[in-house]
Amino acid sequence: MIDFGNGWVKHFTLVEFPYNNFYHANIKDTLFEALYDRKCRSPVCWAKVGEVQLTGPEIVQETTEKAINIKQRIQAAHDRQKSYVDLKRKPIEFHVRDRVMLKVSPWKGVVCFGKQEKLNPRYVGPFKVLEKVGSIAYKLELPQELSRVHNTFYVSNLKKCYSDEPLAVLFEELHVDDKLHFVEEPVEIMDREVKRLTQSRIPIVKVQWNSRIGPEFTWKREDQFQKKYLHLFTKLVPSSSVAT
């Protein structure tokens, strides 16, 4: 692992070069050769001695044939992966007026994905099925609180509700956005540290979140977190130590 500190943009080409020249098993080629139909030129010439340079109709024909081969390899890889998934996939079907649960995902503020805790709610609802859309989607009757969410969902986001309770999960307790992420907001900054890297020091803060399962704490970069939640920095706790 190479630590570029705050100057990673200057070294971006060092990462871009090996990525574009990495052999991909699915297309049986590198990304650069697949796109430009030639090897990437570098101070170290990778081409074979005496390589023939194609011009005119020949290079057009070779490029077309290579594009067809790559598409066929990608399709073969897609079909192979789909066959693996289909072995474990069970056909799911709902009927009008069935009650279903709707899948949601945890989201810490609007900065990054939160940690998937086992006790975090995975589904909210139940909601009534209004209509079947095509063969793999359903339209649900959503309450006013979810008016920003489009009411048609793919079948994989639904789960049949067998509970007799009015609400298996109270979505009123969650802040759900239009992408079905329930938002957990930060409550307080509990501690500060300075993370020591090879050539730099990064201030980090320990944040407490308003998780439904109780107090939850994560470490965030102070500079990035302060831009979004400046009001939490009015009473800063002193830095406790230097983390390695």
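The values are calculated or read from the model by the stated rules, or taken from the named source; none is laboratory data. Everything numeric in this text was worked out from a predicted model, so none of it was measured. Here the Cβ is made from the backbone with ideal geometry for all residues, glycine too, and neighbour counts use every protein chain on show.
Quick one: in segment 104-129, of everything that is surrounded by fewer than 17 Cβ atoms within 10 Å (Cβ to Cβ) and touching a helix residue (DSSP H, G or I) at 6+ places or on another chain (Cβ under 9 Å), which residue is modelled with the lowest pLDDT? Per the stated criteria, the residue is Val111. Does Ile189 meet the test of being at negative phi, assigned by TED's automatic domain parsing to the domain that holds His231 and at pLDDT below 85? Yes. On the given criteria, is Val149 part of a strand (DSSP E or B) and at pLDDT below 80? Answer is no for this residue.
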